[in-house]
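Beneath this line is the structure, given in structure tokens, with notes to follow.
The values are calculated or read from the model by the stated rules, or taken from the named source; none is laboratory data. Keep in mind it's a predicted model, so treat the numbers as computed, not measured. Methodologically, a virtual Cβ is constructed for each residue, glycine included, from the backbone with ideal geometry; neighbour enumeration extends over all protein chains shown. Areas reflect the complete protein model, heavy atoms only, side chains present, ligands, DNA and RNA absent. Shrake-Rupley method; radii C 1.70, N 1.55, O 1.52, S 1.80 Å.
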Amino acid sequence: MILLPLGLVNEFHEPTVFSGAKRPETEQRILPTTWRENGAGVLGSAGIINFRAYVTNGLRGAGFSSAGLRGGRQKGGQALAANLAFSGRLDITPVPGIVAGLGLYNGGSGQEQVVLDGSHLDVGTTVVEVHGQARLRGFDLRALFAQASIDNAGKVSRALGLPTGSSIAETMQGGYVQAGYDVLSQFTTPLALTPYARYERVDTQHRVPAGSVRDLSRDGVLKTLGVELKPIPNVAIKTDYQWIGNEAGTGHNQFNVNLG
């Protein structure tokens, strides 16, 4: 079982290593962390360059929805593999603590389950993301952009019986910028106290098939402001407030508390 090498959270998804009581929505809906599949591959490094390349079972397109790709994860158990997928990542680390790179996923997601007019549909799925992170002198700065493309999204939506107002999109997009600073980083103490802020835009209905209507509730902006306390490195207490809006005007602000 392999953690697919896309994004900033999926391979480092424990609550003590990312800011926020909740994971970024982009890395839940488009990069469906925790995203793990069965497969094999290679990884290595050459100087400041690091790479990973894997072949795994593909996603299960019958689980896709207007909300994104999350329902398509197979998570190892009884995974269908009629369609395989490639995933890869390339990072450049010029100095310790600073990394920038990109990730790619491409594969079929039909798994011989999506049938329209008696024919199995080819549900080609491509996800591309670019990311950057800097962790220096108490600062943790992150940025990410991801885009997913789904072939035959209109036919897949009809095969799954989805209404025209909740169809699977041909293209999904999302991204965020985030900043945090450990105010105790320059003191000799095991404690860490990190205020953080994140601005995120995610739209899992960026472009829908002809004849479909965009679900505007899936096009949202999230602003998060919070603080994290670590009494020891392996324990994190996080609380934040999120201002959540969307194009449908149905967003609800919320307060989150997390012990990890």
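Below is a table of values for the structure above.
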quantity	calculated
Among the candidates 180, 165, 226, residue that is under 30 Å from residue 115 (Cα atoms) and either open to solvent by 40 Å² or more (accessible area, probe 1.4 Å) or in contact with an Asp or Glu (Cβ under 7 Å, 6 or more places away or on another chain) (or both)	165
Any hit, segment 185-195, residues being in contact with a Phe, Trp or Tyr (Cβ under 9 Å, 6 or more places away or on another chain) and surrounded by fewer than 18 Cβ atoms within 10 Å (Cβ to Cβ)	yes
Segment 10-44: number of residues that are open to solvent by 10 Å² or more (accessible area, probe 1.4 Å), of a type in the set (A, V, I, L, M) and part of a loop (DSSP other than H, G, I, E, B)	2
So residue 142, is it open to solvent by 10 Å² or more (accessible area, probe 1.4 Å), under 30 Å from residue 198 (Cα atoms), of a type outside the set (A, V, I, L, M) and touching a residue at least 24 places away in the same chain (Cβ under 8 Å)	yes
Filtered residues of segment 145-156 (kept if buried (at least 19 other Cβ atoms within 10 Å of the Cβ) and either touching a helix residue (DSSP H, G or I) at 6+ places or on another chain (Cβ under 8 Å) or part of a strand (DSSP E or B) (or both))	146, 148, 150, 156
Residue, surrounded by the most Cβ atoms within 10 Å (Cβ to Cβ), within segment 50-78, restricted to residues that are farther than 22 Å from residue 8 by Cα, of a type in the set (Gly, Ala, Ser) and modelled with pLDDT of 95 or more	61
